[in-house]
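What follows is a single structure, written as structure tokens, with notes after it.
The values are calculated or read from the model by the stated rules, or taken from the named source; none is laboratory data. This one's a predicted model, so the numbers in the text were calculated from it and none came from an experiment. Virtual Cβ from ideal backbone geometry, glycine too; neighbours counted across all protein chains shown. Remember, those area values only see protein heavy atoms, side chains included, never the ligands or the DNA or RNA. Shrake-Rupley method; radii C 1.70, N 1.55, O 1.52, S 1.80 Å.
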Amino acid sequence: MKKANRILTVLIFAFLYLPMLVLVVASFNNGKDLTVFEGFTTGHYADLFKDKDLLTLLGNSLLISLLSTVIATAFGTFSAVGIHNMKPRLRKTVMSLTNIPMTNPDIVTGISLSLLFVFVGSTLLHQKESLNFWTLLIAHITFNLPYVILNVMPKLKQMNPALQDAAMDLGCTPLQSFFKVTLHEIMPGIISGAIMAFTMSLDDFVISYFVSGSGFLTLPVEIYSYTKKPMQPRVYAMFTLLFLLIFVLMVTMNLLQIRADRKRVSKQVRTVTKSGRIFRRVCAGVCALLLLLGSGWLIFSTRQDKITLNVMNWGQNIADGSDGTMDIIAAFEEKYPNIDVNYTTYESNESLYAKLKGGGVTVDLIIPSDYMIARLIDEDMLNPLNFNNIPNYKYVQERFKNTAYDPNNAYSVPYTWGTVGIIYNTKYVDEADVTGWELLWNEKYAGKVLMFDNSRDAFGIAQFLEGISINTTDEAELRQAAKKLAEQNPLVRQYVMDQIYGAMEGENAWIAPYYAGDCMMMMVANENLAFYLPEEQGFNLFIDAMCIPKCSENQEAAELFINFLCEPEISGANMDYICYASPIEGARDYMDEYLAESEVIYPDDSILEKGVSYLFLPAETNRLMDSLFMEIRIAGGDVGEEDGGHAWPVVLTFAGLAIAAAFLFLPKPKHKRK
Amino acid sequence: MKKNKSILLSGPYILWMLIFTLIPLGVMAFYAFTDPDTGKFTLQNLEDLGLFLPSLGTSVWFSLLSAGICLLLGYPVAYFIAHRSPITQKILYMLIMLPMCMSFLLRTLAWVGLLETNGIINVLLGKMGAGTVEVIGTSGAVILGMVYNYLPYMILPLYAIIVKIDNRLIEAAEDLGCNGVQVFGRVILPLSIPGILSGITMVFVPAVSTFYISQKLGGADTMLIGDIIEKQFKTSNNPNMGAALSLLLMLMVLVCTGIMNRFGGEDEEGGVVV
């Protein structure tokens, strides 16, 4: 029995530490993949310390968690003293208020705070950027406070109240007695509360994810959007270093505590020992140092004479200097030293729209696709461009001017164009099956098919297959397409966007529809992959173009950036990395020959004519598509023909929950009064 | 006099908590009852929730299952730790705490690397001549992710309770003729119920609302309520629907933890801290 227990414990520890071991090993792995070890290197650590962006994010995270911990600890300690002196009933009420952030799921806390900030910021104060550093800090302080209070309260309770009276009898003012006696007594609680708050805050993802805008991100939030490609190994290097740091911190804390315990036991009489005093001073010193560093950082990071240009782009959609390509942003910053580009990414047109509409962000430049541009123009969310600042517009090819989405060329300058086709693995997929979009419905490949995780692209494919217009607003036709998608659901391995890279390159999935440029990227990484364009059934032809949203604060800098990207040489160099086709005349000449000649990137004009563009659809069509798509993913194969009939279960659920809640929570006070 | 004054110290705190916990929940409820386009009062969002009830069911089922598995795995471990020497206890306790402090996003991604069709485990299995196992994209993978991420939340409160059980009680039971199983069933287990309940709550609450784990480890048919809420905010741009869903989730969690507390009796100050 005991032996079994021991073995199980060892196994559980192995289970807990196995994934961390994988990450640590990966930080020394010469290859890019988690799976294959290709030799030992410490190069990733060197990379890490050269990576300005990653270090800034780490700095942001540390700053937020340090500041929020310090504030919450001070604030929480004083409040705990106040709460401690309350009458029991009042105390109980306050404590249940304290418990709200502890018992609520993080997602609810994050959402409710972000709704409050956006509501107050955008609706009431008409701020452009209602989610920023301060909202993030407030959110962190809010969820840190309960940790401090719940750790300090028990210490206050343990404390002998006579101590304080004694101090006052000996001539202390109440304030002095607090600092000389109480504070010392409750110090262990304060320290453990602060440590808990700090670690929770440092690792918090969910709340920060909802509360942070685009201007100030923390490390976990950025890691979440790093799902493209296998993650850069320098992130693993950072993980390893953080692991070591926390490990050392914890060991030190434990050693100090063990020593303190021993002292306490041996002396019995509680006196302020010398080592205790040193310990206290060390703690105070460390806290002060951290505070100083934190505020220094804050001053340093806010003191900037540079203009910040906030660019929001698709993931992996600009050359970043890796694999011998040009670092476009660095080149731009070199040319215009007074501009600092803050670059963030989004996964799909819809998520970009949600970010803009949510009102929490400041963005100066966005690169959405055609139909989304039409929607943004329609909803008056874009600024007209000043073409005097964009002389390079002359390089834009004629066929990308006067488009359906921007007929007067007032709001957008094209960035890339491309097609949507099928990428498949020739090692596993029979060429004979590659006949059209129906490949994605082929039961032979069940569990190996990936599908778009956005309703517009997913519906588009079903519509091409069914011979319906991809721009239909007809409900029956949309339901027909939804039905087709529902049929496919059992075969689908995962609905993905950026995650497609890892899955296809690692050969974990075999077939997926995706954008040609990204497919090309994957084909370069894994030569078993091939691209197919179902030209007979029709396919989506898209243009991504640069626009300046209404919330922009640096229109001129954004226009400089647009102009820079329209230079044929820059555009060509950029395409070498992102593998899309350039709408800029002459850019193709600057591209890598292999890519410039590729049929995947630049299909024949005769094929191109069969491409169809998405058009702007009314809001109710988008909403219907969204909810049908959601339904497919929840209910699997079943898509209801009609809406309605849903109301009763909801009413019953809510009523049940409300009655249960009332039953559980109302009688409690009565119970207590006895 | 002095006491009354010091109560005032907590004034700013109460104000802060009202502004940043209660009022946001009110704003959320406000969104849940308004129309996304017109901003007028509506019950439509709540009616449309019906579509998502199956997901809520799946989420609850997965998290209860995970909490159960965590309990089965965690109890023996907590028991083991609680019966070591004080120094060993400290070390083991720290080793359980440590993973909680490290990025759960990266640790979950490591599981993707381990479990993928061509992942580390399958490569090793292949070398041993066994076939491959398909784990990613199944419900099992999601539950595994939950158990992995939240197991420490089960072990720590269990340990905190078990370590406090007075050894004399066990000796007394043995003196009165209980065998090992009886001692466990009649003395140790009943005494550790508060730890079990708080452990279950601490696993259940984050698990039922997760979206990262199901997005990375789950497949086409494992859409959890957290996923849907995240999508309403981050892609579908329907914060009103998202707020309605969050409200439902919050109520449900409230009821579940309420039931737990009922069983667990009165916890002096409420709230269990690790």
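Some observations on this one:
- The one condition in (1) more than 7 Å from chain B (Cβ to nearest Cβ); (2) not in a helix (DSSP H, G or I) that A:Leu58 fails to fulfil: (2)
- Flag for A:Leu485 being of a type outside the set (Lys, Arg) and under 27 Å from A:Pro583 (Cα atoms): no
- Residue within the stretch A:426-436 that is closer than 23 Å to B:Gly219 by Cα and either free of Cβ contacts under 8 Å to residues at least 60 places away in the same chain or open to solvent by less than 30 Å² (accessible area, probe 1.4 Å) (or both) present: yes
- Residue count for the stretch B:182-208 satisfying the condition of being open to solvent by less than 10 Å² (accessible area, probe 1.4 Å) and of a type in the set (S, T, N, Q): 1.
- Exclusive hit being at pLDDT below 90 and either small (Gly, Ala, Ser) or within 30 Å of B:Leu109 (Cα to Cα) (or both), set A:Ala525, A:Ala581: A:Ala525
- Test result for A:Ile470, β-branched (Val, Ile, Thr) and more than 14 Å from chain B (Cβ to nearest Cβ): yes
- Lone unmet requirement of (1) of a type in the set (A, V, I, L, M, F, W, C); (2) farther than 17 Å from A:Val361 by Cβ; (3) open to solvent by less than 30 Å² (accessible area, probe 1.4 Å); (4) more than 8 Å from chain B (Cβ to nearest Cβ) for A:Phe239: (4)
- Looking at the stretch A:384-496, the strands (runs of 3 or more DSSP E) lying wholly inside it that each contain 2 or more residues that are touching an Asp or Glu at 6+ places or on another chain (Cβ under 9 Å) sit at A:413-425, A:492-496.
- Scope the stretch A:325-338; condition open to solvent by less than 80 Å² (accessible area, probe 1.4 Å) and either among the polar types (S, T, N, Q) or in a helix (DSSP H, G or I) (or both); matching residues: A:Thr325, A:Ile328, A:Ile329, A:Ala330, A:Ala331, A:Phe332, A:Glu333
- A count restricted to the stretch A:141-187 and to residues that are more than 10 Å from chain B (Cβ to nearest Cβ), in contact (Cβ under 8 Å) with a residue 40 or more places away in the chain and open to solvent by 60 Å² or more (accessible area, probe 1.4 Å) stands at 0.
- Subset of the stretch A:123-139 [surrounded by fewer than 24 Cβ atoms within 10 Å (Cβ to Cβ) and aliphatic (A, V, I, L, M)]: A:Leu124, A:Leu125, A:Leu137, A:Ile138
- Inside the stretch A:100-122, residues that are without any contact (Cβ under 8 Å) to a residue 24 or more places away in the chain and either acidic (Asp, Glu) or open to solvent by 50 Å² or more (accessible area, probe 1.4 Å) (or both) make up a count of 3.
- Cross-chain or 6+ apart pairs with Cβ under 6 Å, the stretch A:459-485 first and closer than 14 Å to A:Val612 by Cα, then open to solvent by 70 Å² or more (accessible area, probe 1.4 Å): A:Asn471/A:Leu615
- Residue within the stretch B:2-14 that is over 30 Å from A:Lys3 (Cα atoms) and either buried (at least 22 other Cβ atoms within 10 Å of the Cβ) or touching a Lys or Arg at 6+ places or on another chain (Cβ under 6 Å) (or both) present: yes
- Among (1) within 17 Å of A:Ile138 (Cα to Cα); (2) open to solvent by 20 Å² or more (accessible area, probe 1.4 Å), the one test that A:Thr69 misses: (2)
- Taken over the stretch B:208-230, residues that are at the interface with another protein chain (Cβ under 8 Å from one of its Cβ atoms), part of a helix (DSSP H, G or I) and in contact with a Gly (Cβ under 7 Å, 6 or more places away or on another chain) amount to 1.
- Some residue of the stretch A:227-237 being in contact with a Ser or Thr (Cβ under 8 Å, 6 or more places away or on another chain), in contact (Cβ under 8 Å) with a residue 40 or more places away in the chain and among the aromatic types (Phe, Trp, Tyr): yes
- Top-ranked residue in the stretch B:77-91 [being open to solvent by less than 30 Å² (accessible area, probe 1.4 Å) and within 8 Å of another protein chain (Cβ to nearest Cβ); ranked as farthest from A:Leu8 (Cα to Cα)]: B:Ile81
- Unique residue being open to solvent by 30 Å² or more (accessible area, probe 1.4 Å) and small (Gly, Ala, Ser) when the list is A:Ala446, A:Ala486, A:Ala481: A:Ala446
- Any hit, the stretch A:80-103, residues being more than 11 Å from chain B (Cβ to nearest Cβ), under 30 Å from B:Ile14 (Cα atoms) and over 27 Å from the mean Cα position of the chain (by Cα): yes
- Residue in the stretch A:45-63 that is touching a Leu at 6+ places or on another chain (Cβ under 6 Å) and open to solvent by 30 Å² or more (accessible area, probe 1.4 Å) present: yes
- A count restricted to the stretch A:12-55 and to residues that are assigned to a helix (DSSP H, G or I) and more than 9 Å from every other protein chain (Cβ to nearest Cβ) stands at 16.
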